[in-house]
Amino acid sequence: MKRIAVILFLLVSVVRLNAQDPQMTQFFSAPLYLAPSFAGSSLGSRAVLNFRDQWPAIPGAFVTYMFSLDHNFYKYHSGAGILFLRDQAGSGKLALTQVSLNYSYNIVFSRFLNVRPALAVLFSQRSIDYSRLVFGDQISLSHGLTPTVESRFLDNHLYLDFNFSTVVLYKNYWGGFNIMHMLQPDQSLLNEGVSPVPTDFYLFGGGKFSAGAGSASFRNKNILFSFLYKSQGKFDQLDLGVYWENLPFVVGLWYRGLPLKHYAPGYGNHDAVAVVLGYASDKFKVGYSYDFTVSRLAFKSAGSHEISFSYEFNQDQRLKRSKKKQMIPCAKF
């Protein structure tokens, strides 16, 4: 009965999540996915790799891969980038493959105040391996698997979408929003059916504080606070985190959930507590995080693993010091 209960809970979870976007614990290490406004937010060019394995103890769970490349065209106050995403879930290999083109523009109001509006164009494909699916009418105790009378799914479905974001920078503080799936495109894989992607809203921000106000011995020591609120359809979630930087090393602690919210009696909005470890040099940044699941899946999921890697190059552009101060001071992981 316990196994049946877990399976039923997972089926309900998949129904809830199949229309939602992949989530990252180290969302600042996936800058173009967090918001297109982060395109060109380094001093030159940047390449980023991300990998997430969510609930590895559950067969066919959620695996996400990302790769992005962006560049800061400082003479034109602009940034541009491209993001490749692959998200796969379930034994039927329900997958999302996505390519997004991102453009941001940096509006300088003063030495300390900058606003970066941005737009992303997304080309997406939903796909599934129909041969891996088993339907109820196929199960026979005497004859094994028999043919199904269920309507066949489409093998894949293509659609176009747009995201719009804005980031505001003031000294060592930042905040912004990202409106995703503005067109609410149809992602259905059924021959007859419509399944629009719900609009996703991100609200994020944070601040960076020196641990030793002007002291040379604490020059590379900082404390950073940040948050991310996500809302899609009837579901929402809040990520709260704090980082301790003693460069080149970074340690972070995150909580994901809304403690006072319940979707149903006994089903609170508690997802995970995550620990982040990172190393950040001038060019390389490497991060690892592990999510300790605190929901009802705590002893069945084996948590979640996430790895991020970024490499900044072509950073010798002739920027004035005042320009450098306009770069985004966000958390690195």
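Rule-based calculations on the coordinates, nothing more; no lab input. Everything numeric in this text was worked out from a predicted model, so none of it was measured. Methodologically, a virtual Cβ is constructed for each residue, glycine included, from the backbone with ideal geometry; neighbour enumeration extends over all protein chains shown.
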**OP:** Sum up the charges of everything whose Cβ sits under 10 Å from the Cβ of D21, counting Lys and Arg as +1 and Asp and Glu as -1, but leave D21 out.
**Re:** -1
Original post:
Under a plain spin-label model, where a point goes 7 Å from the Cα along Cα-to-Cβ, how far apart in nm are F299 and L113?
Top reply: 5.5 nm
**OP:** Would you kindly derive the ³J(HN,Hα) couplings of the range 192-204 from the backbone phi angles with the Karplus curve 6.51 cos²θ - 1.76 cosθ + 1.60 (θ = phi - 60°), listing them in order in whole Hz, with x for Gly and Pro?
**Re:** 10, x, 10, 9, x, 6, x, 4, 10, 10, 10, 10, 9
Subject >> Extension reserve of the D186-D155 stretch, reckoned as 0.36 nm per residue once the Cα distance is removed >> reply: 9.7 nm
Original post:
If r is the Cβ-Cβ distance from K261 to D53 and R0 is 30 Å, what FRET efficiency results, to the nearest 0.05?
Top reply: 0.65
Subject >> Full-stretch length increase - A211, F249 - with 0.36 nm per residue and alpha-carbon distance subtracted >> reply: 12.2 nm
**OP:** Using a 10 Å cut-off on Cβ atoms, rank the peptides 184-190, 202-208 from the highest mean neighbour count down.
**Re:** 202-208, 184-190
